Every structure is written in C-alpha cells, then in structure tokens.
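A short write-up of the structure that comes next.
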Amino acid sequence: MNSDGHEQIDVMDFACRFFKSRGGVVEDQGLVRDILLPEETAQSLGMDEFFRVGPEAVAAAGRPTVHAVQLHTPLLDRILTLAGQSAPFARAELKFDYIKTQGFDRLIKERFQFHKSKIQVMKTGEARTRYLILTCRYTAQSDEIKQGLVEICINLDTGVVIPDMSRNLFHVQKAFSVKHAKGLNEKEIEGMRTVVSRYGQDLVKDRLASFVDSMNRRFQRDTASLDAYYQALEKEMRQNLNRSGLSQDLIREREEKIAMIPAELAAKKKDLLNKYGIRIDFKPAAALYLTSACVTVFVRLISGRSHTDFSMTYNPVTKDMDPVACRACGAGTYDIGLSPNGQINCPDCFGLPVTEQ
C-alpha cells in the first residue's frame, strides 16, 4: 500500500498480462522478462517481435537491450494506449453446488402470462447456455451532459435481455479463463447493437429522471418567456398601427411583420426543442462472457386446436425462467401466445409474419 492508502500498481505485471492477452509469450528471467509477440502486436507497439523489458534502473545500468517498463516510460505509455482502445473482455464459467430439477410447471405458470393459450411441460434436460454482461457508458446530451454506466445482461443463445441477472452474480462462483480467446463474432456483435438500441434508453430512464425533469423545466421556462416576449411585441406593433400620420406603405409593412410573428415564434421554439432535446449515446466499456449450466424445459403451447413445441431456459443465477424471444420482433417477453401463423409471439406481434433472427 502507498501513503494514500491505495494499492500500488505493479506495472511489470500489468505489462506482461497485456503481452499475454495479445498472444505473446513471456519468460521470467529474474529482474527482466523475455517477450515474444505476434508480428501485428509488435508493430503496433513499435517493437521487434522479440525484446526484453525490466525496471528502469536495469535498463539504464548499461543494459541498452532492456526496455524500461515504469510509469511515464514510452513503452508503458504505448501499452496503455493500446489497452484502452477496446473494451476489456473477460470469460468465466459459472459454478453451482445445486441446480433446481423439478417444479418447473408451477414456476412457468406463475411467471408467464399466456394469451388465449395454455402451457404444458413435456420434459426437462440439463444443458449449457451463454450469457454476456455488457457494461456500457451512456452519455445523455442536451444543454448539459449526464454520464454513467449501465449493465445489460443478454442470453447469447436466445438474444433476450435477462432482468436482474447481474445483481445476482456476486454470490455465484466463477472460474475465469486466462487463455487468449477470440471475442464475439460479427453476428453476435450486431445482435448486441440491436439489444442496446432496443433496451438501452429504458434501462437508464430512472437514472435520468431528474436530468430529464430539469431539461423539461428549462424548456418550459424558456418557451413561456418566448411566448410572453412575442405577445408583448405583437401588442406593441398593433398599438403603433393606430398612430396618426402613418403612410399606407408603412402600415402594410408593419402588418406583414405582425403576420410573420407566429412563424418566427415557431422557429424559436424549434431551436429550444433542439437545445433541450436529449440524445443518449451508448458505448461499450467492458464485457463479461459467461458459460453456465442451465435446465432446458421443453414445453407445448396450446391454443384451441393448434399447438407448437419450443423450449424455455431455467437460469440458476436468477433462480427464474429466462424470458422467451418473440419470433416476430425478437424481444424477450413473459407474455406470450400462439399467433395464427403458429409462432410464439408477444402481444404486440400476434398475427405478424415471422422475421429471421
């Protein structure tokens, strides 16, 4: 610990973990480390593929082939720049001592609403599924700026958001992977963009409530001031029309200006709306990729003489069923029914054609 009570940063350990995360090999040689990097990573750092790193004192003590890794040294600055270019991505497997094996029929009937249909559990089976905890930095920009972090948990196999999962993860045992692994593929990344676009604003709505109220109050205040100003202006201009000695041309000119007041006022209000309108932007800050045991519950949804078979997922982290993806819009829902085309839909999509997810 340092004098401020904060844990000191082991920059050598950080640098070596960075080299390994980029596919490098690190060999401990006492005070120094031998580093072998892939060509692309080495070029991005401006280094040869093989080099040595060590404390600044070792690098300065007649050993020019050793590159210093200390705070404010050029190599560490380049490492920090590269490390900060992409969001941290970690992988872990969730471990459970016990997972529910029965009672799914009652749990499903309590959790879901079925639109003009009923559910029947056919069988269950142990399975595995994948989740992503995506931490996003949001920026709400208006006349002022409000920033913060929000977590979105997605089932990667169904594409639906899992409510309250991240808050339950704290007490779950995790085995983190230290091996270098690829991130998400392009289809999964595009799916994340869709999820953030669909759910992001609702997830930060409560956090931004006071910010939105403040911008609305200021908009209403400035709008009221504009109304008062233009009302007074119109009144004054009409009173001036009654002055004696005004020529017909001058009267006509002032009447034309009076007639333009509503359009000018509308334009000013539009400017205010643009000023106080709130635009919310989301950028990824970190991602945690999770693999987890789960229970797949095979069910049949029956509506009149029609039925369809599909599966639901029991989530041992939330101890609840995950939402089901609507086959039309892709949104997760706990309110489902069987549409005329025989697909599982949310209430907003009954009767709509199926889209490819």
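Filter segment 296-327 down to residues that are basic (Lys, Arg) and either buried (at least 17 other Cβ atoms within 10 Å of the Cβ) or not assigned by the TED database to the domain that holds Met165 (or both), then give me how many there are. Steps first, answer last, please.
First pass over segment 296-327, keeping only residues basic (Lys, Arg): 300, 305, 319, 327.
Now narrow it down to the ones that are either buried (at least 17 other Cβ atoms within 10 Å of the Cβ) or not assigned by the TED database to the domain that holds Met165 (or both): 327.
Of the residues in that region, 1 qualify.
Can you pull out every residue in segment 159-173 that is open to solvent by 50 Å² or more (accessible area, probe 1.4 Å), at pLDDT below 90 and over 14 Å from the mean Cα position of the chain (by Cα)?
Residues of segment 159-173 open to solvent by 50 Å² or more (accessible area, probe 1.4 Å): 163-164, 167-168, 170-171, 173.
Next, only the ones that are at pLDDT below 90 stay: 163-164, 167-168, 170-171.
Answer for segment 159-173, where residues must be open to solvent by 50 Å² or more (accessible area, probe 1.4 Å), at pLDDT below 90 and over 14 Å from the mean Cα position of the chain (by Cα): Asp164, Arg167, Asn168, Phe170, His171.
What's the number of the only condition in (1) at pLDDT 90 or above; (2) closer than 25 Å to Leu290 by Cβ; (3) open to solvent by 30 Å² or more (accessible area, probe 1.4 Å); (4) not small (Gly, Ala, Ser) that Gln357 fails to meet?
So Gln357 meets the others, but not (1).
Just for segment 77-108: of the residues that are touching a Lys or Arg at 6+ places or on another chain (Cβ under 9 Å) and not aliphatic (A, V, I, L, M), which one is nearest to Leu301 (Cα to Cα)?
Here the residue is Lys100.
Mind checking whether some residue in segment 328-336 is modelled with pLDDT of 90 or more, surrounded by fewer than 16 Cβ atoms within 10 Å (Cβ to Cβ) and not in a loop (DSSP other than H, G, I, E, B)?
Looking for residues that are modelled with pLDDT of 90 or more, surrounded by fewer than 16 Cβ atoms within 10 Å (Cβ to Cβ) and not in a loop (DSSP other than H, G, I, E, B), one finds at least one in segment 328-336, hence yes.
If we scan segment 284-295, do we find a residue that is open to solvent by 60 Å² or more (accessible area, probe 1.4 Å) and small (Gly, Ala, Ser)?
Taking segment 284-295 as the starting set, the residues that turn out to be open to solvent by 60 Å² or more (accessible area, probe 1.4 Å) are 284.
Okay, now just the ones that are also small (Gly, Ala, Ser), so none.
No, segment 284-295 contains no residue that is open to solvent by 60 Å² or more (accessible area, probe 1.4 Å) and small (Gly, Ala, Ser).
Cβ contacts < 9 Å: first residue under 13 Å from Tyr230 (Cβ atoms), restricted to segment 243-262; second residue assigned to a helix (DSSP H, G or I) and of a type in the set (Ser, Thr, Tyr), any location; separation 6+ or different chain. Result?
Pairs found: Ile261/Tyr230; Pro262/Tyr230.
List, please: which pairs have Cβ atoms under 7 Å, are six or more places apart or on different chains, and start with a residue in segment 208-225 that is in contact (Cβ under 8 Å) with a residue 60 or more places away in the chain and under 12 Å from Ile278 (Cβ atoms) and end with one that is of a type in the set (Asp, Glu) and not in a helix (DSSP H, G or I)?
Met215/Asp143; Arg218/Asp143
Among the residues of segment 98-112, is any assigned to a loop (DSSP other than H, G, I, E, B), basic (Lys, Arg), open to solvent by less than 80 Å² (accessible area, probe 1.4 Å) and assigned by the TED database to the domain that holds Asn155?
Initially, segment 98-112 is screened for residues assigned to a loop (DSSP other than H, G, I, E, B), giving 98-103, 112.
Applying the additional criterion that residues be basic (Lys, Arg) yields 100.
Then drop every residue that is not open to solvent by less than 80 Å² (accessible area, probe 1.4 Å), which leaves 100.
In the following step, the residues that additionally are assigned by the TED database to the domain that holds Asn155 were identified as 100.
Yes, segment 98-112 contains a residue that is assigned to a loop (DSSP other than H, G, I, E, B), basic (Lys, Arg), open to solvent by less than 80 Å² (accessible area, probe 1.4 Å) and assigned by the TED database to the domain that holds Asn155.
Are there any pairs with C-beta distances below 9 angstrom linking a residue in segment 18-43 that is exposed (fewer than 15 other Cβ atoms within 10 Å of the Cβ) to a residue that is in a helix (DSSP H, G or I) and among the aromatic types (Phe, Trp, Tyr), with the two at least 6 apart or on different chains, and if so which?
Val25/Phe19
Is it the case that Leu233 is touching a helix residue (DSSP H, G or I) at 6+ places or on another chain (Cβ under 8 Å) and more than 30 Å from Glu151 (Cα to Cα)? Quick ask: steps written out before the conclusion?
Values: touching a helix residue (DSSP H, G or I) at 6+ places or on another chain (Cβ under 8 Å): yes; more than 30 Å from Glu151 (Cα to Cα): yes.
Criteria met by Leu233.
Does segment 215-224 contain any residue that is open to solvent by less than 70 Å² (accessible area, probe 1.4 Å), at pLDDT 90 or above and over 24 Å from Thr139 (Cβ atoms)?
The answer is yes, given that some residue of segment 215-224 is open to solvent by less than 70 Å² (accessible area, probe 1.4 Å), at pLDDT 90 or above and over 24 Å from Thr139 (Cβ atoms).
The values are calculated or read from the model by the stated rules, or taken from the named source; none is laboratory data. All values reported here derive from a predicted model rather than from experimental measurement. So basically every Cβ, Gly included, is an ideal-geometry build from the backbone, and we count neighbours across all protein chains shown. Just the protein is used for accessible areas: all its heavy atoms, side chains included, with ligands, DNA and RNA removed. Shrake-Rupley method; radii C 1.70, N 1.55, O 1.52, S 1.80 Å.
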